[in-house]
1. Of the residues that sit in the stretch 45-74 and are over 22 Å from the mean Cα position of the chain (by Cα) and free of Cβ contacts under 8 Å to residues at least 40 places away in the same chain, which one is surrounded by the most Cβ atoms within 10 Å (Cβ to Cβ)?
2. What number of residues in the stretch 200-234 are part of a loop (DSSP other than H, G, I, E, B), of a type in the set (A, V, I, L, M, F, W, C) and more than 23 Å from the chain's Cα centre (by Cα)?
3. When the residues of the stretch 159-180 are narrowed to those that are over 17 Å from the mean Cα position of the chain (by Cα) and either outside any strand (DSSP E or B) or of a type in the set (Ser, Thr, Tyr) (or both), which ends up modelled with the highest pLDDT?
4. Using the structure shown, decide if GLY39 is assigned to a loop (DSSP other than H, G, I, E, B) and within 28 Å of LEU201 (Cα to Cα).
5. Can you spot a residue in the stretch 262-272 that is part of a strand (DSSP E or B), of a type in the set (Lys, Arg) and within 33 Å of the chain's Cα centre (by Cα)?
6. Only one of ASP185, ASP228, ASP167 is buried (at least 19 other Cβ atoms within 10 Å of the Cβ), farther than 30 Å from LEU60 by Cβ and among the acidic types (Asp, Glu). Can you tell me which?
7. Using the structure shown, decide if LEU204 is surrounded by 17 or more Cβ atoms within 10 Å (Cβ to Cβ), out of contact with any Cys (no Cβ under 9 Å at 6 or more places or on another chain), over 30 Å from ILE134 (Cβ atoms) and not charged (D, E, K, R).
8. Go through the stretch 28-43 residue by residue and tally those that are surrounded by fewer than 10 Cβ atoms within 10 Å (Cβ to Cβ) and under 21 Å from the mean Cα position of the chain (by Cα).
Amino acid sequence: MKSYKPTSPSRRQMTGIEFGGILTRNEPLKSLTYGRKRGVGRNNLGRITTRHKGGGVKRLYRDIDFLFDKKDIPARVESIEYDPNRTGFIGLLLFKDGERRYVLLPVGIKVDDEIIVSLKAPIKRGNRTVLRNIPVGTQIYNVEVYANGGAKLIRSGGSFAEVLAQDPPFSQIKMPSGEVRKINDLAWASIGQVSGEENFLINLGNAGRSRRLGIRPTVRGSAMNPVDHPFGGGEGKALRGRRRPINRWGKGVRGVKTRNKKKYSKSLILKRRK
């Protein structure tokens with residue numbers, strides 16, 4: 001982790017990731033990038049549907065391969081790069097047939113390492129194969145929900161799942177949240193842990209850095225007027241006046257279960273997260 005000279009109170013506690021010994025390229029490959037308008041919490045009418053989002057610096061979108069449809073063709077890691085749109089590092093792969101693609105990299109991968117997507121891929125960091133071929137106890141990421149549906153799970157920096165058991169036609173997977181669930185054992189997964197494992201240690205330090213990330217301020221309900229929030233108003237510091245906290249629309253927050261009880265995947269969850 002990188003710390004800074006304490007030139008101000010916020011700078012004293014600010015931390016960041018030391019990219020110097022990790023990244024090998026400054027500019028992304030132009031053919032695999034394009035401009036993209038971010039939703040910033042608005043719907044198609046421009047109305048705010050998710051609060052506390054907006055602004056932020058402009059970002060180029062890197063076209064990441066989550067489908068992994070180039071199978072049985074070895075690829076070499078050409079560079080390790082930063083992606084402003086995600087918390088893990090990405091790598092530029094050069095396949096044997098000459099094509100280049102961006103992928104999400106695991107911890108410990110280096111330039112010139114070889115990666116392959118194959119049913120017979122060796123159980124090695126960065127390789128990708130079906131769940132039924134992955135031994136119990138192996139760390140995995142970029143996990144599919146359905147076979148050939150593209151990587152949907154375990155994609156944030158430092159996260160990984162663990163294969164707990166093989167119970168055909170399912171594999172039992174322990175998620176980062178602690179949830180244990182069954183996934184079709186023909187679904188594909190990559191071996192390892194997502195890079196950027198120090199991401200959770202970052203202390204933004206000041207408000208400006210948060211705004212540049214596209215995060216807008218959060219106002220406490222008790223600081224609002226009665227018309228704006230159930231906790232608003234009163235002379236001086238007023239009590240909440242109810243047992244459990246609610247949001248400005250009266251819905252419960254903090255620990256309230258919001259998952260649909262009739263969701264299709266309910267039968268696949270063996271142990272709920274805490």
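The values are calculated or read from the model by the stated rules, or taken from the named source; none is laboratory data. Keep in mind it's a predicted model, so treat the numbers as computed, not measured. Note that we place each Cβ from the backbone using ideal geometry, even for glycine, and neighbour counts take in every protein chain shown.
1. Per the stated criteria, the residue is ILE48.
2. Qualifying residue count for the region: 4.
3. Ranking the candidates gives SER171 first.
4. Considered against the rule, which asks whether it is assigned to a loop (DSSP other than H, G, I, E, B) and within 28 Å of LEU201 (Cα to Cα), GLY39 comes out as yes.
5. Yes, that holds for at least one residue.
6. None of the other options fit; the residue is ASP185.
7. The answer is yes for LEU204.
8. So the count comes out to 2.
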